[in-house]
Amino acid sequence: MRRKLAAGNWKMNGLKASLSEIEALIAAHPGPDCDVLICPPTTLISAAAALARGRIAIGGQNCHPRLSGAYTGGISAQMLKDAGASHVILGHSERRADRYESDEVVHAKATTAISEGLVAIICVGETERERDRGATLDVISSQLKGSLPLNASGAYLVIAYEPIWAIGSGRTPTLEQIAEVHDFMRAEMVKRLGDDGDEIRLLYGGSVKPSNAADIFAVPNVDGALVGGASLLASDFGAIVAALEAA
Ligand code: PEP
């Protein structure tokens, strides 16, 4: 039985004062009926984890493939863990595009993250042009093949389907389009991992808001959401958590 997951990606947003949003989220959802995760910027992970005390999970937004060494500015999986993170987002399209992160790099980072005991949330998704030319499932298939590490398991891997054109745009695929991709990803995971593939949580991400969350969560094989903009305010993210609890 897969436990649903509402994950918030704060991206490069948030100062110490923003921790009050985490406080408010926990106060409004003291014992949520789903997993709740906030991935704040690295500077806030320690403080967020101390505040959350395990009531919600705290995660990173990236990590280095190596555990330590001469990599100025790098953050390792071990450091994230040490700061109190339990999850890490990898292969977000903003990093794939802006930092030229290839599937191979995502694969290396995920391998290290999982071996350090972090849950890796690997993002995949097509561009609008790829969707328009009917290549969505080919793109997803190739990203899954290239990015998923050999040590992937139901407990330590989450996949987020994030159509790039839906991120931060206010646009979302139709429910049928989401269902098509999630069914495909489920079948791929079962092909790869057998019964354990059925345990991997598949999140949808891209302009999830309180107003569309319930419809998206009703789609089969959608086990939650990865939320950007609407995770910054406890009131919005709390409404998404409530929709997931009710799904
Ligand atoms: C994201 O960047 O992972 C995301 C889903 O952003 P938004 O919810 O703002 O579209």
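Residues that are among the polar types (S, T, N, Q), open to solvent by 60 Å² or more (accessible area, probe 1.4 Å) and away from the ligand (no atom under 16 Å from the Cβ) do occur in the stretch 171-194, at least one of them. Residue-level check: of (1) within 24 Å of Gln61 (Cβ to Cβ); (2) in contact with an Asp or Glu (Cβ under 6 Å, 6 or more places away or on another chain); (3) more than 15 Å from the ligand (Cβ to nearest atom), Gly125 misses just (3). Within the stretch 96-111, the only residue that satisfies the criterion of being open to solvent by less than 50 Å² (accessible area, probe 1.4 Å), without any contact (Cβ under 8 Å) to a residue 40 or more places away in the chain and more than 13 Å from the ligand (Cβ to nearest atom) is Glu101.
All conditions but one from (1) within 15 Å of the ligand (Cβ to nearest atom); (2) touching a Pro at 6+ places or on another chain (Cβ under 8 Å) apply to Leu244; the one that does not is (2).
Conditions tested, residue by residue: (1) within 18 Å of the chain's Cα centre (by Cα); (2) loosely packed, with under 15 Cβ neighbours inside 10 Å.
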site	(1), (2)
Ala6	yes, no
Trp10	yes, no
Asn13	yes, yes
Ala27	no, yes
Cys34	yes, no
Thr42	yes, no
Ala47	no, no
Ile56	yes, no
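Take Ile159 and tell me if it is within 16 Å of Ala7 (Cβ to Cβ) and within 16 Å of the ligand (Cβ to nearest atom). It is true that Ile159 is within 16 Å of Ala7 (Cβ to Cβ) and within 16 Å of the ligand (Cβ to nearest atom). Considering only residues in the stretch 198-235 that are among the charged types (D, E, K, R) and more than 10 Å from the ligand (Cβ to nearest atom), the one that is least open to solvent (accessible area, probe 1.4 Å) turns out to be Asp223.
For the stretch 63-95, residues that are open to solvent by 40 Å² or more (accessible area, probe 1.4 Å) and within 14 Å of the ligand (Cβ to nearest atom) total 2.
Working only within the stretch 122-146, note down all residues that are assigned to a loop (DSSP other than H, G, I, E, B) and more than 15 Å from the chain's Cα centre (by Cα).
Selection gives Glu126, Thr127, Arg133, Gly134, Ala135.
Answer yes or no as to whether Pro149 is within 16 Å of the ligand (Cβ to nearest atom), assigned to a loop (DSSP other than H, G, I, E, B), open to solvent by less than 10 Å² (accessible area, probe 1.4 Å) and in contact (Cβ under 8 Å) with a residue 24 or more places away in the chain. No, not satisfied.
The values are calculated or read from the model by the stated rules, or taken from the named source; none is laboratory data. Quick caveat, the model's predicted, so the values are computed rather than measured. Here the Cβ is made from the backbone with ideal geometry for all residues, glycine too, and neighbour counts use every protein chain on show. Side chains included, ligands, DNA and RNA excluded: accessible areas come from the protein's heavy atoms. Shrake-Rupley method; radii C 1.70, N 1.55, O 1.52, S 1.80 Å.
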